[in-house]
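**Student:** My questions will all concern the structure given below.
The values are calculated or read from the model by the stated rules, or taken from the named source; none is laboratory data. These numbers come from a predicted model, not from an experiment. All Cβ positions, even for glycine, are placed from backbone atoms using ideal geometry, and neighbour counts span all protein chains on display. Heavy atoms of the whole protein, side chains included, go into the accessibility calculation; ligands, DNA and RNA do not. Shrake-Rupley method; radii C 1.70, N 1.55, O 1.52, S 1.80 Å.
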Amino acid sequence: MNTMENDLVGQLKKFIPAEQITANPTVLEQHSKDESYHTPHLPDVVVFPKSAEEVSRIMKFANEKNIPVTPFGMGTSLEGHVIPYQGGISLDFQLMNEVLEVRPTDFLVRVQPGVTRSQLNKALKKHGLFFTVDPGADATLGGMAATNASGTTSVRYGIMRDQVRDLEVVLADGRIIHTGNMTAKSSSGYHISSLFVGSEGTLGVFTELTLRVYGLPEVITAARAVFSSVEDAVTTVVSTLSAGIPIARMELVDARSIKQVNAYNNTTYPEKPTLFIEFHGSEGGLSYDIEFTQNIALENGCQEFLFETDSKARSQLWDVRHSLAYAFVHKSPGKKMMVTDVCVPISELVGAIVDARNHIDGSELDAGIVGHVGDGNYHVILMIDLNDPEEVSKAKEFNAHLVEYALSRGGSCTGEHGVGVGKAHYQRREHGEALDIMMAIKDVLDPKGILNPGKIFMD
Ligand SMILES: Cc1cc2nc3c(=O)[nH]c(=O)nc-3n(C[C@H](O)[C@H](O)[C@H](O)COP(=O)(O)OP(=O)(O)OC[C@H]3O[C@@H](n4cnc5c(N)ncnc54)[C@H](O)[C@@H]3O)c2cc1C
């Protein structure tokens, strides 16, 4: 530890209990990276606050002294979001992990930011409720709100922004505000909850969230549909949505990705483009929806359509989708994961995925394509050797191509992973002059630029 770091720890100890502050090298290293290929950088200190008041004291201190503060949830983000490139304080919320209140009649829950998705669902189950957003990783609700996460169920229930009713936010100068209330609707004032959701720790620090929850569905059925081409699979998605079938999940896993999962899990799934589908509802309603979807799939060349209602069999089926990223990671020693995520209008989806596959096949890159295709959102998983400049540059060129393809068709450079540092240089291209408005808002809320500096906006 150098003298400056020592000094920072010493100053923080004046108003935060010593056991909640550390400059231990292992802990610093854990807070220097996310799950991606982005270059790590150490913070000077990690602080584990226990209350909004403590966060407020930390922010007042950091603002006065111009010290960068980077909020840290579970560190599962994929675009360098939590990497403290300018050092300073990494603010880890693992000690603020209580489900504060469940309000079954209002379909609401109040949580601290360090509560994880699976922890919340465990607490909600005894009330017959569940929280819908599922980003695959067991992320924190604070991190999920800050990245506007979404996932497999968003096609039915919406994204993180749709679930947030209120946020308690500590601003850069230490003020504590609430952005909303508990009502289902309000026309009162600007909708600043939406501004903070997706702000990636650059506008304020969340210390409490009020979130919308749903009743557990009476029946859940999962299905796996195998196709000979990605076009047939994606056309099935578009036709099913056009027919108004209330699909709860609709995920594409391409042939390359199924091959990877088979190798990792020792399974023998057909190595062909596959849709993983889930239906939520009542016995009567579901049988109609399933039959209709199956017919659409068969009309589009589906080669195998298989259902699972039993919960164990269903979770086995979803295991393929959920173990995918780790199947690539564990089978690629020495390489780092680059998962690029773009979103297009649903009418552009077939062309976008076919273009992505053709581009990969025409390069020497090895990559799988998966997607929350019901939302027009797809990811390409590349494992890259950071010591091979040619491979890195090819992967970056491919990423740029994918983003340009999406943007030129009315899409977005990221459907759910967020901007971090990885997508910062596409912000001007995507938002034009609206980016200046975002920068002006940042200036008002964080004039000294201490909150997660270098993220979203290029320096
Ligand atoms: C295998 C895998 C699969 C994934 N699949 C998906 C997916 O399907 N959908 C999806 O959306 N994402 C996905 N992700 C990305 C990641 O899980 C999400 O971005 C998640 O929302 C990050 O949550 P976290 O708790 O890990 O936050 P972190 O990574 O710790 O932080 C993310 C951002 O939130 C900020 N932040 C954290 N806590 C707070 C707080 N209390 N107040 C203010 N800002 C805060 C941080 O500063 C940072 O900018 C995946 C990641 C992995 C590794």
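**Student:** Do we have S242 as touching a residue at least 24 places away in the same chain (Cβ under 8 Å) and more than 23 Å from the chain's Cα centre (by Cα) here?
**Tutor:** Answer is no for this residue.
**Student:** Another question, if that's okay. Do we have any residue at all in the range 161-171 that's over 30 Å from G449 (Cα atoms) and surrounded by fewer than 20 Cβ atoms within 10 Å (Cβ to Cβ)?
**Tutor:** No, the range 161-171 contains no residue that is over 30 Å from G449 (Cα atoms) and surrounded by fewer than 20 Cβ atoms within 10 Å (Cβ to Cβ).
**Student:** In the set L349, L382, which member is out of contact with any strand residue (DSSP E or B) (no Cβ under 7 Å at 6 or more places or on another chain) and surrounded by 23 or more Cβ atoms within 10 Å (Cβ to Cβ)?
**Tutor:** L349
**Student:** Test V237 against the stated conditions and say whether it is within 16 Å of the ligand (Cβ to nearest atom), more than 27 Å from K442 (Cβ to Cβ), touching a residue at least 24 places away in the same chain (Cβ under 8 Å) and of a type in the set (A, V, I, L, M, F, W, C).
**Tutor:** No.
**Student:** Hey, which of the helices (runs of 4 or more DSSP H) in the range 34-148, taking only ones fully inside, have at least 2 residues that are over 29 Å from V392 (Cα atoms) and open to solvent by 20 Å² or more (accessible area, probe 1.4 Å)?
**Tutor:** 52-65, 117-125
**Student:** Does the range 322-343 contain any residue that is among the acidic types (D, E) and either touching a helix residue (DSSP H, G or I) at 6+ places or on another chain (Cβ under 6 Å) or part of a helix (DSSP H, G or I) (or both)?
**Tutor:** Looking for residues that are among the acidic types (D, E) and either touching a helix residue (DSSP H, G or I) at 6+ places or on another chain (Cβ under 6 Å) or part of a helix (DSSP H, G or I) (or both), one finds none in the range 322-343, hence no.
**Student:** Could you check the range 437-459 and list, in sequence order, the residues that are part of a helix (DSSP H, G or I) and either assigned by TED's automatic domain parsing to the domain that holds G351 or closer than 23 Å to Q86 by Cα (or both)?
**Tutor:** Hits for the range 437-459 are M438, M439, A440, I441, K442, D443, V444, L445.
**Student:** Only residues in the range 189-214 that are within 17 Å of I176 (Cα to Cα) count as the first member; pair them with residues that are hydroxyl-bearing (S, T, Y) and open to solvent by 10 Å² or more (accessible area, probe 1.4 Å), Cβ under 7 angstrom, at least 6 apart or cross-chain, and list the lot.
**Tutor:** Pairs found: I192/T179; S193/T179; F196/T179.
**Student:** Among the residues of the range 405-420, which ones are touching a residue at least 24 places away in the same chain (Cβ under 8 Å) and open to solvent by 40 Å² or more (accessible area, probe 1.4 Å)?
**Tutor:** Selection gives R409, G410.
**Student:** If you check K312 against the conditions, is it within 13 Å of the ligand (Cβ to nearest atom) and among the basic types (K, R)?
**Tutor:** For K312, the condition - within 13 Å of the ligand (Cβ to nearest atom) and among the basic types (K, R) - is not met.
**Student:** Scanning the range 110-149 for residues that are among the basic types (K, R) and free of Cβ contacts under 8 Å to residues at least 12 places away in the same chain, which turns out nearest to the ligand (Cβ to nearest atom)?
**Tutor:** The qualifying residue nearest to the ligand (Cβ to nearest atom) is K122.
**Student:** Would you tally the residues in the range 342-372 being within 16 Å of the ligand (Cβ to nearest atom) and within 24 Å of A263 (Cα to Cα)?
**Tutor:** So the count comes out to 6.
**Student:** Within the range 63-99, track down each residue that is within 14 Å of the ligand (Cβ to nearest atom) and touching a Lys or Arg at 6+ places or on another chain (Cβ under 9 Å).
**Tutor:** If the condition is that a residue be within 14 Å of the ligand (Cβ to nearest atom) and touching a Lys or Arg at 6+ places or on another chain (Cβ under 9 Å), then T70, G75, E79, G80, H81, V82, I83, Y85, L95, M96 are the ones that fit.
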